[in-house]
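The values are calculated or read from the model by the stated rules, or taken from the named source; none is laboratory data. It should be emphasised that the depicted structure is a prediction, and the values quoted were computed from it without experimental measurement. With ideal geometry, Cβ positions are generated from the backbone for all residues, glycine too; neighbour counts draw on all protein chains shown. The area values use the complete protein model at the heavy-atom level, side chains included, leaving out ligands, DNA and RNA. Shrake-Rupley method; radii C 1.70, N 1.55, O 1.52, S 1.80 Å.
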Amino acid sequence: MFETELMDVQSSIISICSELAQDKADHIFAYLYTDNAAYYFNAFFRFGKETWDIDELEYPKDTIDYFNQLVKTEADRFPEVFDKSKREKPVLCKMRFRCKDQKFKFELKYKKDCSMNFDPEQDFRDWLNSVKRKPILF
């Protein structure tokens, strides 16, 4: 049950990201950080050999606000899945999705894995930049 609920939340977030990319992305990367009252979400996309973050897609502010609202609704379910199963809650989830064959990978990090000065926005930027340098993914 736990695995199914976790995959459901992650799938919903990837699906929302896919809609934002108008189902044209080859790869979707979603970053979710939740720790008590702290929340950070961002995503980026690979179209062919080009990697674009949400800001570079140049959508109107209303579209991005609506997108963020949808993701936040799903993200709020993320810690609940762990609470319900009495499992340690991760603070970070990095999701990777290859669209052509529906291949999905994710990485979880827990509070103990993050330094005291952990900055999710900088961690996201570092991840984005590392993916931009890779010619082939997965």
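The table below gives the values:
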item	result
Residue check, A25 of a type in the set (A, V, I, L, M) and in a strand (DSSP E or B)	no
In the range 83-133, residue nearest to the chain's Cα centre (by Cα) [restricted to those that are of a type in the set (S, T, N, Q) and under 23 Å from M1 (Cβ atoms)]	Q102
Close pairs (8 angstrom Cβ cut-off, 6 or more residues apart or separate chains): surrounded by fewer than 20 Cβ atoms within 10 Å (Cβ to Cβ) in the range 4-24, in a loop (DSSP other than H, G, I, E, B) and of a type outside the set (S, T, N, Q) anywhere	S18/A25; S18/C99; D23/C99
Options N68, N36; residue that is on the phi > 0 side of the Ramachandran plot and polar (S, T, N, Q)	N36
Residues located in the range 26-55, provided they are within 19 Å of K100 (Cβ to Cβ), out of contact with any helix residue (DSSP H, G or I) (no Cβ under 6 Å at 6 or more places or on another chain), in contact (Cβ under 8 Å) with a residue 12 or more places away in the chain and open to solvent by 10 Å² or more (accessible area, probe 1.4 Å)	D26, H27, F47, G48, K49
Failed criterion for E121 (all others in (1) crowded, with 16+ Cβ neighbours inside 10 Å; (2) modelled with pLDDT of 95 or more hold)	(1)
Exclusive hit being modelled with pLDDT under 95, closer than 19 Å to E107 by Cα and out of contact with any strand residue (DSSP E or B) (no Cβ under 8 Å at 6 or more places or on another chain), set D35, D55, D23	D35
Boolean, K61 is among the charged types (D, E, K, R) and either closer than 22 Å to K109 by Cβ or touching a residue at least 60 places away in the same chain (Cβ under 8 Å) (or both)	no
